[in-house]
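The values are calculated or read from the model by the stated rules, or taken from the named source; none is laboratory data. All of these numbers come straight from a predicted model, not from anything done at the bench. Here the Cβ positions follow ideal geometry from the backbone for every residue, glycine too, while neighbour counts run over all protein chains shown.
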Amino acid sequence: EPTATGHIVEQIEMIKEILAAGYAYETAGTVYFDVEKYSRKYSYGILTNRKLEDLLEGTRELSGQDEKKGRLDFALWIKAKPETLMKWPSPWGWGFPGWHIECSAMGTKYLGTTFDIHGGGMDLQATHHTNEIAQSQACHHAEPVKYWVHTNMLTVNGARMSKTAGNGFLPKELFTGDHPLLDRGYSPMTVRFFMAQSHYRSTLDFSNEALQAAEKGYKKLMESIKRISKIEPAAHSSVNIDELRASCYSAMNDDFNSPVLIAQLFEAVRVINSAVDKTETLTTADIDKLNALMQTFVFDVLGLTDESEANAGGDVINGLMDLILDIRKSARENKDWVTSDKIRDQLKAAGVEVKDTKDGVEWRI
């Protein structure tokens, strides 16, 4: 992944362009962004829909910031102190980039002066992303991002997740259950489905009860998709699949409203079960539409996969490898080195590495 320290040159060049455009100033080796001057042409608080006057009222004077022209001005480049370890040479002396400039510089390099979607937590909206917009627009004279997606906080049993509270866990711990707050591990697809049940702008609360409920919901969804093949076609449909499909699109067009989408998908589950039980009827064309709907929104949009099928595939591979290696073992015991080597070489050509050890045979893909 791109790192900020790997793009110091790009950050310095961007600061130079902002200075040349007149939206920054240098004071004693530190370069500040001039928010007041920028606001004469652009809307500084556009992301939070706040006026400059309101922002100034909510900002207090801080000691040691006399070198700034305005209270809202932020550092693009900071002069290094003698004890500073991470520092680089620049036209303004030794120093290091400010917090916001790295994102603008790397975003421009890899995504262009304007790109479609920028994500981040809600806590970054008022300061970090507001300043990111300002410095990018001052440099390129164009809005840097078309759509901002700000996610809400994560909580655990109602308390905010944080390192200091000791209630934070890594994805690996969530999958294995290796954490005191978790009763057991939960599969990646269960966790993905659980997260999709909440809108990205809503607080997401982790609890064993919620994860176990999501696990049941996920399995029910997967099982229902398999049942589509059991529906017997009828001459007429009692359910409007086109309306159901339109409702799914409407949910996603409503600010990625995944909870509403999932509600519509469970309406589809009801239709599937009712059609199998013959309390609802579907034509062949509508059965195909229903199957396509589930394939599109469950697998493509939500990114879910059927873990039972994936695990079954793994079991099949393991079984086949056991059989092949058992044949190879018999060949070696009979000193049939030609067959033994042929199996090993052809497995290698297929991407399977076989290794003979003192404890037996090991293999990996």
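Looking across the range 40-59 at every residue that is loosely packed, with under 13 Cβ neighbours inside 10 Å and either polar (S, T, N, Q) or outside the structural domain of Pro91 (by TED's automatic domain parsing) (or both), the one that is farthest from the chain's Cα centre (by Cα) is identified as Thr59.
If the condition is being free of Cβ contacts under 8 Å to residues at least 40 places away in the same chain and either among the basic types (Lys, Arg) or not in a loop (DSSP other than H, G, I, E, B) (or both), then the range 83-95 contributes only Lys87.
Only residues that are in contact (Cβ under 8 Å) with a residue 40 or more places away in the chain, part of a helix (DSSP H, G or I) and either closer than 27 Å to Leu52 by Cα or of a type in the set (Val, Ile, Thr) (or both): list them for the range 1-34, please. Answer for the range 1-34, where residues must be in contact (Cβ under 8 Å) with a residue 40 or more places away in the chain, part of a helix (DSSP H, G or I) and either closer than 27 Å to Leu52 by Cα or of a type in the set (Val, Ile, Thr) (or both): Thr5, Ile8, Gln11, Ile12, Met14, Ile15, Lys16, Glu17, Ile18.
Table: residues versus (1) farther than 27 Å from Met195 by Cα; (2) at pLDDT 85 or above.
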{"site": "Ile287", "(1), (2)": "yes, yes"}
{"site": "Ala292", "(1), (2)": "no, yes"}
{"site": "Thr296", "(1), (2)": "no, yes"}
{"site": "Thr305", "(1), (2)": "no, yes"}
{"site": "Glu309", "(1), (2)": "no, no"}
{"site": "Gly313", "(1), (2)": "no, no"}
{"site": "Gly319", "(1), (2)": "yes, no"}
{"site": "Leu325", "(1), (2)": "yes, yes"}
{"site": "Ser330", "(1), (2)": "yes, yes"}
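So that you can scan it fast, the table gives a plain yes or no per residue for (1) closer than 21 Å to Leu304 by Cβ; (2) touching a helix residue (DSSP H, G or I) at 6+ places or on another chain (Cβ under 6 Å); (3) not charged (D, E, K, R):
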| site | (1), (2), (3) |
| --- | --- |
| Ile133 | no, no, yes |
| Pro144 | no, yes, yes |
| Leu181 | no, no, yes |
| Phe193 | yes, yes, yes |
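For the range 341-356, residues that are more than 15 Å from Leu323 (Cα to Cα) and not in a helix (DSSP H, G or I) total 5.
Residues are listed down the side, and each one gets a yes or a no for (1) within 36 Å of the chain's Cα centre (by Cα); (2) surrounded by 11 or more Cβ atoms within 10 Å (Cβ to Cβ); (3) under 30 Å from Pro233 (Cα atoms):
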| position | (1), (2), (3) |
| --- | --- |
| Ile262 | yes, yes, yes |
| Arg270 | yes, yes, yes |
| Thr283 | no, yes, yes |
| Leu304 | yes, yes, yes |
| Met321 | yes, yes, no |
| Ser330 | no, yes, no |
| Thr339 | no, yes, no |
| Glu353 | yes, yes, no |
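Identify the residue in the range 226-246 that is small (Gly, Ala, Ser) and surrounded by 16 or more Cβ atoms within 10 Å (Cβ to Cβ) and, among all such residues, is farthest from Met294 (Cα to Cα). Top of the filtered list is Ala234. Selection of the range 240-257 for residues being among the charged types (D, E, K, R) and in contact (Cβ under 8 Å) with a residue 12 or more places away in the chain yields Asp242, Arg245, Asp255.
Within the bounds of the range 103-118, is there any residue that is over 23 Å from the mean Cα position of the chain (by Cα) and not β-branched (Val, Ile, Thr)? The answer is no, given that none of the residues of the range 103-118 is over 23 Å from the mean Cα position of the chain (by Cα) and not β-branched (Val, Ile, Thr). The one condition from (1) farther than 17 Å from Gln212 by Cβ; (2) touching a residue at least 60 places away in the same chain (Cβ under 8 Å) that Lys163 does not meet is (2). Please work out if Lys37 is basic (Lys, Arg) and either in a helix (DSSP H, G or I) or buried (at least 20 other Cβ atoms within 10 Å of the Cβ) (or both). Answer is yes for this residue. When we screen Ala331, Ala275 for residues that are farther than 25 Å from Val191 by Cβ, part of a helix (DSSP H, G or I) and either assigned by TED's automatic domain parsing to the domain that holds Leu221 or of a type in the set (S, T, N, Q) (or both), the only hit is Ala275. So for the range 289-296 (the condition being surrounded by fewer than 14 Cβ atoms within 10 Å (Cβ to Cβ) and within 30 Å of the chain's Cα centre (by Cα)), does at least one residue qualify? Yes - at least one qualifying residue is present in the range 289-296.
Quick check on the range 296-304. Is at least one of its residues free of Cβ contacts under 8 Å to residues at least 60 places away in the same chain, more than 17 Å from Ile225 (Cα to Cα) and among the charged types (D, E, K, R)?
Step one: filter the range 296-304 for residues free of Cβ contacts under 8 Å to residues at least 60 places away in the same chain, giving 296-297, 299-301.
Checking which are more than 17 Å from Ile225 (Cα to Cα) leaves us with none.
For the range 296-304, residues free of Cβ contacts under 8 Å to residues at least 60 places away in the same chain, more than 17 Å from Ile225 (Cα to Cα) and among the charged types (D, E, K, R): absent.
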